[in-house]
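*Asks:* Let me begin by handing over the structure; questions about it come next.
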Amino acid sequence: MIGLGIWQLQRMRQKEALLATYTVAEGKPPIGWLSIPTHEPLPLFRFATGNCLGVTGFRTAAGQNRQGEPGYLVIADCRTGAEGPGMAVELGWSKNPDAGRDYQGGLVSGMIAPDRQNRMRLVAASPGPGLAASAPPSPDTIPNNHFSYAIQWFLFAGIAAVIYSLALRGRWRKQAAANG
């Protein structure tokens, strides 16, 4: 358990470095949507432009608009051609999960954000038809809770040591009582 606590402290430093690269990425020049799947690190929080040749499906996720109201993020999964893996486009925000379904595709510009399904998605700078602008992605929304996990592992190790000590103490008392 102590080893897991130390590992969490190492992960905390790695995550801090990753978040720093994401913060720097916000100021870098725009790129085109990647036509070949990329390996780590992903170009998250970079401004990019991609071409949605056609929508293959829609999905929603919980999210907020620019004013912080909760609602649905409308995401279109797009074809980008035979050359790549496709593209997920966050079209915007709505209180209605069925809004924005008349989007047909086209050029989209915005910021690359993490996506649970496709690893990354393009958050459109301008909302799609019938939608409001969703909250812009920010590295500040990515948690770095490895320090609290490390504390938990160290506490678990301490509790286990106390329990083990009490068990040994009880065993020694029984042996002492049996020996007279």
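The values are calculated or read from the model by the stated rules, or taken from the named source; none is laboratory data. These numbers come from a predicted model, not from an experiment. Positions of Cβ are generated from backbone atoms using ideal geometry, with glycine treated the same way; all protein chains shown enter the neighbour counts. These accessible areas exclude ligands, DNA and RNA; they are computed on the full protein's heavy atoms, side chains included. Shrake-Rupley method; radii C 1.70, N 1.55, O 1.52, S 1.80 Å.
*Asks:* Filter the stretch 131-180 for residues that are hydroxyl-bearing (Ser, Thr, Tyr) and either modelled with pLDDT of 90 or more or touching a His at 6+ places or on another chain (Cβ under 6 Å) (or both); which is most open to solvent (accessible area, probe 1.4 Å)? Give the steps one after another, and end with the answer.
*Replies:* So in the stretch 131-180, the residues hydroxyl-bearing (Ser, Thr, Tyr) come out as 134, 138, 141, 148-149, 164-165.
Next, from what is left, pick out any that are either modelled with pLDDT of 90 or more or touching a His at 6+ places or on another chain (Cβ under 6 Å) (or both): 134, 148-149, 164-165.
On the way: 134: 6, 148: 60, 149: 92, 164: 144, 165: 67 Å².
The extreme case among them is 164.
*Asks:* I'd like to check something: does the stretch 142-161 contain any residue that is outside any loop (DSSP other than H, G, I, E, B), under 27 Å from residue 31 (Cα atoms) and in contact with a Phe, Trp or Tyr (Cβ under 8 Å, 6 or more places away or on another chain)?
*Replies:* Taking the stretch 142-161 as the starting set, the residues that turn out to be outside any loop (DSSP other than H, G, I, E, B) are 146-161.
Then drop every residue that is not under 27 Å from residue 31 (Cα atoms), which leaves none.
For the stretch 142-161, residues outside any loop (DSSP other than H, G, I, E, B), under 27 Å from residue 31 (Cα atoms) and in contact with a Phe, Trp or Tyr (Cβ under 8 Å, 6 or more places away or on another chain): absent.
*Asks:* Moving to a separate point now. How many of the residues making up the stretch 80-122 are surrounded by fewer than 16 Cβ atoms within 10 Å (Cβ to Cβ), assigned to a loop (DSSP other than H, G, I, E, B) and of a type in the set (S, T, N, Q)?
*Replies:* 4
*Asks:* Need pairs with beta-carbon distance below 7 Å; first residue more than 16 Å from residue 113 (Cα to Cα) and within the stretch 5-24, second open to solvent by 60 Å² or more (accessible area, probe 1.4 Å) and part of a helix (DSSP H, G or I); sequence gap 6+ or separate chains.
*Replies:* 5/153; 5/154; 8/149; 8/153; 12/147
*Asks:* If you don't mind, another one. Given the conditions (1) touching a residue at least 12 places away in the same chain (Cβ under 8 Å); (2) under 18 Å from the mean Cα position of the chain (by Cα); (3) surrounded by fewer than 12 Cβ atoms within 10 Å (Cβ to Cβ), and given that residue 62 satisfies all but one, which numbered condition is not satisfied?
*Replies:* It fails just one condition, (1).
*Asks:* Restricting to the stretch 18-31, what's the tally of residues that are surrounded by 11 or more Cβ atoms within 10 Å (Cβ to Cβ) and among the small types (Gly, Ala, Ser)?
*Replies:* Here the count works out to 2.
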